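This is the structure I have questions about; it appears just below.
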Amino acid sequence: MAHPLQELVHKGWVWQGHDAAEQLASDQLVDTGWPELNRRLGGGWLRGALHELQVQHNFQGELAFLMPVLSAQQKPCLWINPPAQPYWPGLHYQQLQQAPLWLQESDPKRALWAFEQALQSASLGVIVAWLPTVDASAVRRLQQAASRHQQLAFILTPWQQQQEARAYVNRLQLQWQQQQLQVAVVKRRAGWPLPPFLCPVTGHLPERRRRFA
């Protein structure tokens, strides 16, 4: 006699997180460049989605963390409100194919508008925005635009102790400790949160930073 739980699974009445990942076509997933992160996210970054990266401080490995997916783009990437002007010689040394387009917009509403418009462009690769605050309605609107146009986008926000509900597909926390980057998956598509793991980003750090890592 089958176990009652097995009968519920057979009827499709029990949610199984891994099923959603298995049903995704390979072109919907983008390699993160980090095998352990790929495994934890069910194959990689989901295309047509908005992903949040929470950082404690700028310049603590977050750009090196994104460098594999940025350097794999054949189209120019757009950076909105980066904390410093992109330095193309250094980025080119790290195998970035094209100099990123970048936009500095101090008005939060204009920055969000620019972000939403960029998500609708087929001429851009990955879009990365550094935004201090994004309310739930704005995240939902951005996520809808990313999904509609199959764009891959990241928002870098300050670290949060209390996680407010947002429509991000994945939400990660990045923390630099003892010269290493720890990555915690606090929200992911079709799965539970996961504890931190060490991400070996030092190979993507500028040489001057590597000496102290």
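Could you work out how far apart the two model spin labels at residue 36 and residue 177 are, taking each label as a point 7 Å from the Cα in the direction of the beta carbon, and quote it in nm?
1.2
Here's a follow-up. Need one number for the range 56-154: average projected area of the convex hull over its C-alpha atoms, nm².
Projected area, direction-averaged: 6.2 nm².
Further, regarding this structure: Per residue of the range 50-56, in order, report the coupling 6.51 cos²θ - 1.76 cosθ + 1.60 (Karplus, θ = phi - 60°) as ³J(HN,Hα) in whole Hz, putting x for Gly and Pro.
10, 10, 9, 10, 8, 10, 6
Leaving ligands, DNA and RNA out of it, work out the accessible area of residue 176 with a 1.4 Å probe and give it in Å² to the nearest 10.
40
Sort 106, 123 by accessible area with a 1.4 Å probe, largest first.
106, 123
In whole Hz, what ³J(HN,Hα) sequence does the range 182-187 give by Karplus (6.51, -1.76, 1.60; θ = phi - 60°), x for Gly and Pro?
9, 10, 10, 8, 8, 8
Can you give the direction-averaged projected area of the convex hull of the alpha-carbon atoms in the range 119-205, in nm²?
Across all orientations, the range 119-205 yields a mean hull projection of 7.0 nm².
By accessible area of protein heavy atoms, probe 1.4 Å, what ranking do 133, 157 get, highest first?
So the residues, ranked largest to smallest area, are 133, 157.
What does the charge count around residue 170 come to, taking other residues whose C-beta lies under 15 Å from its C-beta (Lys +1, Arg +1, Asp -1, Glu -1)?
Within the 15 Å Cβ shell, the charges total +4.
What full-extension length gain, to one decimal in nm, is calculated for residue 184 and residue 28 as 0.36 nm per residue of separation minus the Cα-Cα distance?
Length gained, residue 184 through residue 28: 53.9 nm.
Calculate the translational D of the range 69-213 in whole µm² s⁻¹ from Stokes-Einstein, where the hydrodynamic radius comes from the Kirkwood formula applied to all Cα pairs, the temperature is 37 °C and the viscosity 0.692 mPa s.
197
Arrange the residues 166, 140, 148 by how much accessible surface each exposes, largest first, with a 1.4 angstrom probe.
148, 140, 166
The values are calculated or read from the model by the stated rules, or taken from the named source; none is laboratory data. Since the model is a prediction, treat every value here as computed from it, not as a measurement. Cβ: placed from backbone, ideal geometry, glycine included. Neighbour counts: every protein chain shown. Accessible surface areas use protein heavy atoms only, side chains included; no ligands, DNA or RNA. Shrake-Rupley method; radii C 1.70, N 1.55, O 1.52, S 1.80 Å.
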